[in-house]
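No value in this document is a laboratory result; all are computed from the given coordinates. Values in this document were obtained by computation on a predicted structure and should not be read as measured data. All Cβ positions, even for glycine, are placed from backbone atoms using ideal geometry, and neighbour counts span all protein chains on display.
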């Protein structure tokens, strides 16, 4: 992949992560457990970050579970609810880990060949290039849910055009 395209992909991923992080920072403590649909605010964020992390891996099999965020191991990926509640500082730390080094290292290692190859996830039957776009869309979808929830509380969040 050209350096220009790597820069664009990294920049847009970083922007989406920055917007997600801002939602975490601005969530009033009294609303950390308030529901968005049927899930608490923190759970929507955890789900989002967990799958960003997973899909930055080369494959489901190569995904390395971080014990601090996956206390029940692979069951965290399979179960509807996490094995425990996560705090604001924990999810902020997770977002920071994903921003650097995880995201930068993953995108930097991509080549034209790897991007044209399979996603690495059997349930996502498209190329690795499309996986990265899918991952950003998933991240931004749930970030939008968090932002709308906060706006209804009178808490505004910003738009990040590019970068962290």
Open item on the list: Roughly how far apart, in whole Å, are the Cα centres of the range 85-102 and the range 115-135?
Closed with: 24 Å
Open item on the list: Which log10 I(q)/I(0) values does the chain give at q = 0.12 Å⁻¹ under the Debye formula, counting every alpha carbon as one identical point scatterer?
Closed with: -0.52
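Distances over 19 Å make up what percent of all Cα-Cα pairs in the range 95-146?
More than 19 Å apart: 35 percent of the Cα pairs in the range 95-146.
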Open item on the list: Can you tell me the length gained on complete extension of the stretch residue 114 to residue 83, counting 0.36 nm per residue apart and subtracting the Cα distance?
Closed with: 7.8 nm
Task: Rounded tilt (10° steps) of 41-56 against the dominant C-alpha axis of the chain - done: 10 degrees
Open item on the list: Taking the 0 to 90 degree range and rounding to the nearest ten, how far is the long axis of helix 3-26 tilted relative to the main principal axis of the chain, both from C-alpha atoms?
Closed with: 10 degrees
Task: Percentage, to the nearest whole number, of Cα pairs in the range 1-93 over 21 Å apart - done: 40 percent
TODO: State whether the range 44-126 is rounded, prolate or oblate according to the following rule on the C-alpha gyration tensor (a ≥ b ≥ c being the square roots of its eigenvalues): a/c under 1.5 gives rounded; otherwise a/b larger than b/c gives prolate, and the remaining case gives oblate.
DONE: oblate
Task: Crossing angle, helix 128-152 versus the chain [Cα axis fit, 0-90 degrees, rounded to tens] - done: 10 degrees
- [ ] For n ≥ 4 DSSP H runs only, could you compute -39500 (n - 2.57) per run for the chain, divide by its residues and tell me the 222 nm figure to the nearest 500?
- [x] -17500 deg cm²/dmol
TODO: Please give the FRET efficiency for residue 8 paired with residue 60, using the beta carbon to beta carbon distance and R0 = 22 Å, rounded to the nearest 0.05.
DONE: 0.25
- [ ] Based on the mean of other Cβ atoms within 10 Å per residue, sort peptides 6-14, 113-121 so the most packed one is first.
- [x] 6-14, 113-121
